[in-house]
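Note sheet for the following structure.
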Amino acid sequence: MVPANQLSKDRLAWMYTQMLRIREFEERVKRTFVEHPGVIRGHAHLGDGAEASIVGALATRNDADPVMPSYRCHGYPLVLGTPARALMAEIYQRRDGVCKGFGGSMHLSDPAHHFPTASGIIGQGIAHAAGVAYAAQVKKTGQVVYSFFGDGSSKQGAFHETLNLAAVWKLPVVFVLENNMYQAYTYYKLEDANAIAGDPLSQKAKAYSIPGATVDGTDVLKVYEEVGKAVDRARAGQGPSLIESRFYRLSPHGNAITVPPVPTQFQEHEAIEVYGNKAEFEEAKKNDPILKFRAQLIANGTLTDADAKKIEDSVRAEMDEVVKFALASPLPTPEDAVKYVYA
Amino acid sequence: MPREMMFAEAIAVAITEEMQRNPNVVFYGQNMAMTDRDPFVRKFGKDRVRITPISETAELGIAVGAAMSGLHPIVELYMAEFMLVAFDEVINEAPRLRYMSGGQVKVPCVFKAGFGFAAGWAGQHSNCTYHAMMGIPGLKIALPSTSADAMGLMRAAIRDDNPVVYLHHYMLTIDKGPVPDGEHLVPFGVADIKRAGSDVTIVATAWMVKKSLAAAEMLAKEGISAEVVDPRTLAPLDVKTIVDSVKKTGRLVLVDQAPRHASAAVVIAGEVAEQGFKYLKAPVKMVTALDTSVPYSETLESYVLPSEQKIVNAVKSVLAMQAAAV
């Protein structure tokens, strides 16, 4: 892995661009609930605040490495190269969506860009990711699989069973536990024995005798370095690692759960809504990973302020077009609903 | 020249030959492939044949991920009840992912498990749980009753691009039967008439096919000609063959080892009521387990489960158009 301090200016600019694309995309999804009610159905989960963690991790990839996120999955395919308009169209239930309107926000899929599927059942994708890694091992492809999941899923049976078996089989997989301190509405110290004891969640790696590390998930280059070490180990046949990436999600868990015809939208973060902890939320906003990286890149001369603005303008223009495309896209033909049941 | 093979042996031969044919087929589970002396390990090596801990969620979830990535996993689960521990993977992951992706991925895998072990294995190890898997779009279910069908369906399951639950009845394990030479394949969704007859159609599943054939022999001695139809797969289900048989005989008795509302009988009865009503000369009759768990003691267990005599009684009652207490 190229050390973080040797990354090229182009690569750093690319990382900044991808972080912006994720933020801008998620902001548009959020605004759609207010500006175009009914266009997005069901439950959508946003990754605003996760940008440094997502991009820092994915920047360590070889091109063929598969990525298996949770249902909070919009940001990953954006970085992998899935056209943003196809992702938005899917979220907007359109037939030009990446899953032709069959899956929606929680179940995006783009195997052509190494993103097989996402499961909407918390934790189950961790086992799927290990399966993808098992195939890579048997077929000797040299791929390393990225398994992303939240702190909530680290209490699921699937997490524990999979980490053990992945360790036993020395599977080429990196488990990235994205600890944003909230599992839906539940603050993590209400439900995690390690957290209550003041221990990091990466401690769970010790239960399976695999390497574990905790990293500041709001610092894209720190994430890049820590995940990079885990990827190098996996690619060398040394088996899995558990990386706890700590950051804050800036939106609540998902749009408010309502029953039609009651409209839905994103409300206040649970910190405020449930726990009355506005100070914590405001602190997290000040610690915005995108603003931090921007300042860092300007301070070390990678970008000028004008460069950064140019990137920001082009990302905004891209997402303007993406929303326009998705809104104008046709809905699926009803009779198509009976397709794709069997291969 | 067909060979005689035990039911379990026919399945093992199918797995072996399919693993030889397709290098992407892998086979793993608990308490198998423990040592290098294991015949599957010797033939195919430790990449393709592995032992797992007691971790059904991981075993089945890994099968799903591996299947999406070009392998064709067979997971040995031993007992269908053990699938319940990881039922999300069976019902809500494996059969859903292709559809939700708009057809971009496929999940070709075989979940192999024995079931119905009515030999004193009692309440948690003797069940028929297939009702919970029927009607799940995208999931296939195989339920062979003979060595030939066991081999043919396992071959077909391994060649199928979809998730297949392959259930083999424990009470048939050492039964011998003829198996055709060569690459014997049994297609999914094609029922088999195990015994031709004219007075009544008996549709039975797995071990109940054997009991129904024995009951048919008993009925033949009294001049009653029973046709025994074996669906062989519960999903897809060959309703047409069953309705065609009912068209011929006018009478239908359904025999399934599960309790009434958890049986394949109840599903097939519904189909015949809708599609074959005009052919029926009498109401259908279902012979299923009573509504209890399976008890341990033999006198209790045999009271609860279907038997040859209960099948004979059901046929006679349908022929007499009477509701006999079965």
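Given the conditions (1) free of Cβ contacts under 8 Å to residues at least 60 places away in the same chain; (2) under 15 Å from A:Ala130 (Cα atoms), and given that B:Asp38 satisfies all but one, which numbered condition is not satisfied?
(2)
Looking for whichever is more than 8 Å from chain A (Cβ to nearest Cβ) and on the phi > 0 side of the Ramachandran plot here; the options are B:Gly102, B:Gly45. Which one fits?
It is B:Gly45.
Within the range A:280-294, is even one residue aromatic (Phe, Trp, Tyr) and over 19 Å from A:Ala50 (Cβ atoms)?
No: the range A:280-294 contains no residue that is aromatic (Phe, Trp, Tyr) and over 19 Å from A:Ala50 (Cβ atoms).
Identify, from the list B:Asp238, B:Asp244, B:Asp291, B:Asp230, the residue that is at pLDDT 95 or above, under 22 Å from B:Gly123 (Cα atoms) and acidic (Asp, Glu).
B:Asp291
Do we have any residue at all in the range A:12-33 that's within 14 Å of chain B (Cβ to nearest Cβ) and of a type in the set (Val, Ile, Thr)?
There is no residue in the range A:12-33 that is within 14 Å of chain B (Cβ to nearest Cβ) and of a type in the set (Val, Ile, Thr).
Taking into account only those residues within the range B:182-211 that are charged (D, E, K, R) and part of a loop (DSSP other than H, G, I, E, B), which is surrounded by the fewest Cβ atoms within 10 Å (Cβ to Cβ)?
The selected residue is B:Glu183.
Residues checked against (1) within 21 Å of the chain's Cα centre (by Cα); (2) part of a helix (DSSP H, G or I):
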position: B:Val255; (1), (2): yes, no
position: B:Val267; (1), (2): yes, yes
position: B:Glu271; (1), (2): yes, yes
position: B:Lys281; (1), (2): no, no
position: B:Thr288; (1), (2): yes, no
position: B:Ser293; (1), (2): yes, no
position: B:Tyr296; (1), (2): no, no
position: B:Pro306; (1), (2): yes, no
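With A:Ala133, A:Ala158, A:Ala118, A:Ala205 as the choices, which residue is crowded, with 18+ Cβ neighbours inside 10 Å, modelled with pLDDT of 95 or more, within 14 Å of another protein chain (Cβ to nearest Cβ) and farther than 25 Å from A:Pro252 by Cβ?
When all the criteria are applied, what remains is A:Ala133.
So in the range B:48-62, with the set limited to residues that are assigned to a strand (DSSP E or B) and touching a helix residue (DSSP H, G or I) at 6+ places or on another chain (Cβ under 7 Å), which one is farthest from the other protein chains (Cβ to nearest Cβ)?
Top of the filtered list is B:Val49.
Kindly establish whether B:His168 is farther than 24 Å from B:Pro95 by Cβ, modelled with pLDDT of 95 or more and not in a helix (DSSP H, G or I).
Against the criterion (farther than 24 Å from B:Pro95 by Cβ, modelled with pLDDT of 95 or more and not in a helix (DSSP H, G or I)), B:His168 does not qualify.
In the range B:133-147, what residues are within 14 Å of chain A (Cβ to nearest Cβ) and more than 10 Å from the chain's Cα centre (by Cα)?
Correct list: B:Gly135, B:Ile136, B:Pro137, B:Gly138, B:Leu139, B:Lys140.
How many residues are among the polar types (S, T, N, Q) and more than 22 Å from B:Leu213 (Cα to Cα) when one looks only at the range B:272-326?
6
Taking the residues in the range A:23-72 that are over 22 Å from A:Phe266 (Cα atoms) and out of contact with any helix residue (DSSP H, G or I) (no Cβ under 6 Å at 6 or more places or on another chain) as candidates, determine which candidate is surrounded by the fewest Cβ atoms within 10 Å (Cβ to Cβ).
A:Asp63
Please indicate, with yes or no, whether at least one residue in the range A:172-180 is at pLDDT 95 or above, in a loop (DSSP other than H, G, I, E, B) and at the interface with another protein chain (Cβ under 9 Å from one of its Cβ atoms).
The answer is no; no qualifying residue exists.
For the list (1) over 27 Å from B:Thr288 (Cβ atoms); (2) touching a helix residue (DSSP H, G or I) at 6+ places or on another chain (Cβ under 9 Å); (3) buried (at least 18 other Cβ atoms within 10 Å of the Cβ); (4) within 14 Å of another protein chain (Cβ to nearest Cβ), I need the number of the one condition that B:Val179 fails.
Going through (1) over 27 Å from B:Thr288 (Cβ atoms); (2) touching a helix residue (DSSP H, G or I) at 6+ places or on another chain (Cβ under 9 Å); (3) buried (at least 18 other Cβ atoms within 10 Å of the Cβ); (4) within 14 Å of another protein chain (Cβ to nearest Cβ) one by one, B:Val179 breaks only (4).
If the requirement is being buried (at least 22 other Cβ atoms within 10 Å of the Cβ) and not assigned by TED's automatic domain parsing to the domain that holds B:Met134, which of these qualifies: B:Ala265, B:Ala273, B:Ala214?
After ruling out the rest, the residue left standing is B:Ala265.
I'm told B:Val164 meets every condition in (1) crowded, with 24+ Cβ neighbours inside 10 Å; (2) away from chain A (no Cβ under 14 Å) except one. Can you identify the failing condition by its number?
Every listed condition holds for B:Val164 apart from (2).
This table checks each residue for (1) more than 24 Å from A:Tyr224 (Cβ to Cβ); (2) in contact (Cβ under 8 Å) with a residue 40 or more places away in the chain.
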{"position": "A:Gly104", "(1), (2)": "yes, yes"}
{"position": "A:Pro111", "(1), (2)": "yes, no"}
{"position": "A:Tyr134", "(1), (2)": "yes, no"}
{"position": "A:Val144", "(1), (2)": "no, yes"}
{"position": "A:Lys155", "(1), (2)": "yes, no"}
{"position": "A:Val174", "(1), (2)": "no, yes"}
{"position": "A:Asn179", "(1), (2)": "no, yes"}
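Would the range A:181-194 turn up any residue that is within 12 Å of chain B (Cβ to nearest Cβ), modelled with pLDDT of 95 or more and over 22 Å from the mean Cα position of the chain (by Cα)?
The answer is no, given that none of the residues of the range A:181-194 is within 12 Å of chain B (Cβ to nearest Cβ), modelled with pLDDT of 95 or more and over 22 Å from the mean Cα position of the chain (by Cα).
Can B:Gly70 be described as closer than 23 Å to B:Pro137 by Cβ, surrounded by fewer than 24 Cβ atoms within 10 Å (Cβ to Cβ) and at the interface with chain A (Cβ under 8 Å from one of its Cβ atoms)?
For B:Gly70, the condition - closer than 23 Å to B:Pro137 by Cβ, surrounded by fewer than 24 Cβ atoms within 10 Å (Cβ to Cβ) and at the interface with chain A (Cβ under 8 Å from one of its Cβ atoms) - is not met.
Within the range B:25-35, can one find any residue that is at pLDDT 95 or above, among the hydroxyl-bearing types (Ser, Thr, Tyr) and over 22 Å from B:His168 (Cα atoms)?
Yes; the residues of the range B:25-35 include at least one that is at pLDDT 95 or above, among the hydroxyl-bearing types (Ser, Thr, Tyr) and over 22 Å from B:His168 (Cα atoms).
So if I check each of B:Ser126, B:Ser101, which one is in contact with a Cys (Cβ under 9 Å, 6 or more places away or on another chain), at pLDDT 95 or above and crowded, with 24+ Cβ neighbours inside 10 Å?
B:Ser101
Helices (runs of 4 or more DSSP H) wholly in the range A:258-342 with at least 3 residues that are over 26 Å from the mean Cα position of the chain (by Cα) - which ones?
So the answer is A:305-328.
Where the second residue is part of a helix (DSSP H, G or I) and surrounded by 12 or more Cβ atoms within 10 Å (Cβ to Cβ) and the first is within 9 Å of chain B (Cβ to nearest Cβ) and lies in the range A:321-343, which pairs have Cβ atoms under 7 Å and are six or more apart or on separate chains?
Partner pairs satisfying both residue conditions: A:Tyr340/B:Arg98; A:Tyr340/B:Tyr99; A:Val341/B:Tyr99; A:Ala343/B:Arg98.
The values are calculated or read from the model by the stated rules, or taken from the named source; none is laboratory data. On a predicted model such as this, the values are computed, not experimentally measured, just so you know. Glycine also receives a Cβ, built like all others from the backbone with ideal geometry; neighbour counts cover every protein chain displayed.
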